[in-house]
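Every read-out reported here was derived from the displayed coordinates using simple, explicitly stated rules and does not represent laboratory data. Just so it is clear, the structure is predicted and the values come from calculations on it, not from any experiment. Here the Cβ positions follow ideal geometry from the backbone for every residue, glycine too, while neighbour counts run over all protein chains shown.
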Amino acid sequence: MSSEGTGSEALDRTPRRAKLGRNAVRNYILENPAVVLDDAEVSATLVDLAAQRYGSNVVSLQSAVMAKMRERLRAVEIEREEMLDAAEANLVSMNQVHDAILHMLEAPSFQDFIDIVGAQFGELLVVDSVRLCVETPPAKEAERTGDIGTLCPIAPGSVNTFFHGAPWGVSLRAVEEPTRALHTDGEIESEALVRLDFGPGSQPGVLLFGARDCDRFHDEQGGDLLVFLGGAVSRVMRHWLDEPEIV
């Protein structure tokens, strides 16, 4: 058995591409014109080649129209990418809010509820400061001394002041002086205020988030998820406020 002259041929199994003749290419394009029309790069190359045949003294309107269409196509692609990025960011935010609410609902006591809002909300929502502020009569406010923790008493009318008298459910902005001192971090640059409604006969409150990043919260962001979070916090807080030992 002799294998001389066959070893390299046996190892060389690289497929050889058949050369396509001019007529074969032409016939394929005529039978499948979408292959060219659907490819922006191929179409642009063909239009530019055709434009060159007119000479430098002739203006090709077709080439100009094609260039304009390419610009519009690129703009549409950029807009689509931005929409996909926004949708992905919104999904992430929705999951963060849902996780925060689920953790809050697991609280077995009022103190556990406050601890979850203070500690776990900060981690889940990726913020640097969390305060649960409730308008409190001056007499009760004066009874609290030292570190007030997450639950923070504020003077009656403060919520209206924080929101500049507007009935907004959420305010996303650069940190303002009336709320700066309420944050747990002295380097807060942007903040989110979520109005809390504890029901008829109860003083309102505000869920205050702060971030060191000045772009974390701004007025061009949507606040629907935070409105939903505020509604959930208000209802859970209302439940605990109805407990005799909490009042």
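A few notes on this one:
Conditions tested, residue by residue: (1) buried (at least 20 other Cβ atoms within 10 Å of the Cβ); (2) in contact (Cβ under 8 Å) with a residue 24 or more places away in the chain; (3) out of contact with any Ser or Thr (no Cβ under 6 Å at 6 or more places or on another chain).
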{"residue": "Pro167", "(1), (2), (3)": "no, no, yes"}
{"residue": "Gly186", "(1), (2), (3)": "no, no, yes"}
{"residue": "Arg195", "(1), (2), (3)": "yes, yes, yes"}
{"residue": "Gln203", "(1), (2), (3)": "no, yes, yes"}
{"residue": "His218", "(1), (2), (3)": "no, yes, yes"}
{"residue": "Gly223", "(1), (2), (3)": "no, yes, yes"}
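- Test result for Asp99, more than 17 Å from Leu229 (Cβ to Cβ) and either charged (D, E, K, R) or part of a helix (DSSP H, G or I) (or both): no
- Number of residues in the range 148-202 that are over 25 Å from the mean Cα position of the chain (by Cα) and not in a helix (DSSP H, G or I): the value is 22.
- Residue selected from the range 172-184 under the condition without any contact (Cβ under 8 Å) to a residue 12 or more places away in the chain and among the charged types (D, E, K, R), by the criterion surrounded by the fewest Cβ atoms within 10 Å (Cβ to Cβ): Glu177
- Residues located in the range 106-129, provided they are among the small types (Gly, Ala, Ser) and within 14 Å of Thr184 (Cα to Cα): Gly118, Ala119, Gly122, Ser129
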